[in-house]
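Only one structure is covered here, and it is reproduced in the block below.
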Amino acid sequence: MQLARHVHYFRVLFSACYVIMALVSSQGVSNTEREAFELVPDDERQCCYCLTTCFLSAVTCPCSPDKLACLHHVDKLCDKCQPSQFVLRFGEFLCLLVAMDALCDCVT
């Protein structure tokens, strides 16, 4: 019973991450890169619009690589570049969720 609860929990997390990434993709962002957010100081991973500290993912622009936006404010990131030039940076946690989802398929 407890294993089933854990499987459900990871599937819910994975689904939420998938929805967020699909939303960013629908805004035209198609490039991705892994980012070790835990190694970046908090003040260097704040959204340029709302100043939220980004923990799991953020979007950057090639013309200002030090500037980033949270996933809710991709449209506020840059007026000069197209969203197709933006990069979705994601942390290790999202990779772990993908792996856990695959593992849950094996267990259930």
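The values are calculated or read from the model by the stated rules, or taken from the named source; none is laboratory data. Predicted, not measured: the structure shown is a model, and the values here were computed from it. Please note: Cβ atoms are built from the backbone with ideal geometry, for glycine as well, and neighbour counts cover all protein chains shown.
The table for this structure:
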quantity: Single residue of Phe10, Phe14 found to be at pLDDT below 70, buried (at least 18 other Cβ atoms within 10 Å of the Cβ) and part of a helix (DSSP H, G or I); calculated: Phe14
quantity: Filter result (closer than 16 Å to Asp75 by Cβ and either of a type in the set (Val, Ile, Thr) or loosely packed, with under 14 Cβ neighbours inside 10 Å (or both)) within segment 28-61; calculated: Gly28, Val29, Ser30, Cys50, Thr52, Val59, Thr60
quantity: Within segment 43-78, considering residues that are in a helix (DSSP H, G or I) and more than 13 Å from the chain's Cα centre (by Cα), the one nearest to Val29 (Cα to Cα); calculated: Asp75
